[in-house]
1. Name, by its number, the condition in (1) under 15 Å from L130 (Cα atoms); (2) of a type in the set (S, T, Y); (3) open to solvent by 10 Å² or more (accessible area, probe 1.4 Å) that does not hold for T188.
2. Would you check if E141 is assigned to a helix (DSSP H, G or I), over 18 Å from T207 (Cα atoms) and acidic (D, E)?
3. Any residue in region 17-36 that is under 17 Å from I126 (Cβ atoms) sitting within a Cβ distance under 7 Å of a residue that is of a type in the set (F, W, Y)? List the pairs, counting only those 6 or more apart or interchain.
4. Wholly within region 147-261, which strands (runs of 3 or more DSSP E) include no fewer than the required count, namely at least 1 residues that are within 16 Å of the chain's Cα centre (by Cα), more than 11 Å from the ligand (Cβ to nearest atom) and hydrophobic (A, V, I, L, M, F, W, C)?
5. Just to check your reading of the model, which residue among F224, F234 is aromatic (F, W, Y) and either out of contact with any Leu (no Cβ under 9 Å at 6 or more places or on another chain) or modelled with pLDDT of 95 or more (or both)?
6. Which members of region 13-54 meet the condition of being open to solvent by 20 Å² or more (accessible area, probe 1.4 Å), at pLDDT 95 or above and aliphatic (A, V, I, L, M)?
7. Taking M90, is it within 14 Å of the chain's Cα centre (by Cα) and crowded, with 20+ Cβ neighbours inside 10 Å?
Amino acid sequence: MSADHLAQLINERIGGKPVDIGLVLGSGLSGLVDVVEDASTIAYSDLEGFPHAGVSGHNPNLVIGKIEGVNVAVFGGRAHYYEHGQADVMRVPMETLKALGAQSVCLTNSAGSLQTAMAPGSQMLITDHLNLSGANPLIGEPGDARFVNMCDAYDPELCAAARRGAKELGVDLHEGVYAWFSGPNFETPAEVRMAGILGADAVGMSTVPEVILARFLGLKVVGFSNVTNMGAGFDEAEISHAQTKEIAAKSASQFQAIIKSFLRQL
Ligand code: HPA
């Protein structure tokens, strides 16, 4: 089914609500679906081509409504490259978001920090990324549109809105470069050191393919990382998915406050 058909189906189900921005929620961050007002929920399993978001800590529903007065489509869960080896696994959701009329997408994730000043429980505005996975969601895409310009991939105006929001909130919003590793294993300490030398401030297993797809589709992008741990080798703490979910849950309220403060600036 094409994205236009999916958007039509969604609009028939929910009565044609406007959508201005999509929010893709990362591991342990799916609580944001609960703050959507006037919410209409559709399970991914009802939407052909949507992934089965099979990772614990994700909520595979599309929730359309308003947050802070902004028309949002919240993707409660994402699928990852490491689940099936398909870098374009989020292509249909991104295309559907565009077909619903959105101009922008806000991508969120949990990440490991490479900056000692950015401790677990901190949030980072993503200003750029490193694709260290070797994968790309546009491989096989025909035509010249695949040669996507990635300068200002993280939209300067949306980044400015995120900074204003955090300032108004009185919360420290760190900034930095996110490096995408394929996962699903966590990085080795040597890989984390390498990423740091190359200019990364945080490491994770998601988001970058969605940024590439969004820019391909002409959607503006803003991205936030919720820091759940220091990168491998930084400290003695054991890194695990359980820890990712636990710290993400603990810092969820501050994370949600940052997203809401960003939305208030739009
Ligand atoms: N590495 C990769 N992905 C992650 C991490 C990490 O340290 N923490 C949360 N997601």
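1. (1)
2. Working: assigned to a helix (DSSP H, G or I): no; over 18 Å from T207 (Cα atoms): yes; acidic (D, E): yes.
Here the answer is no, as E141 does not meet what is asked.
3. If the second residue must be of a type in the set (F, W, Y), the pairs left are G22/F75; L23/F75; V24/F75; L25/F75; L29/F255.
4. So the answer is 173-180, 220-230.
5. Numbers: F234 fails: either out of contact with any Leu (no Cβ under 9 Å at 6 or more places or on another chain) or modelled with pLDDT of 95 or more (or both).
Result of the check over F224, F234: F224.
6. Scanning region 13-54 gives a single hit, A39.
7. The answer is yes for M90.
Table: residues versus (1) polar (S, T, N, Q); (2) open to solvent by less than 40 Å² (accessible area, probe 1.4 Å); (3) out of contact with any helix residue (DSSP H, G or I) (no Cβ under 7 Å at 6 or more places or on another chain).
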site	(1), (2), (3)
A102	no, yes, yes
V105	no, yes, no
L114	no, yes, no
A117	no, no, yes
S122	yes, yes, yes
D128	no, no, yes
N136	yes, no, no
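The values are calculated or read from the model by the stated rules, or taken from the named source; none is laboratory data. These numbers were taken from a predicted model, which means no experiment stands behind them. Every residue, glycine as well, gets a Cβ built from its backbone with ideal geometry; the counts of neighbours run over all protein chains shown. Side chains are part of the model used for accessible areas, which takes the heavy atoms of the whole protein and leaves out ligands, DNA and RNA. Shrake-Rupley method; radii C 1.70, N 1.55, O 1.52, S 1.80 Å.
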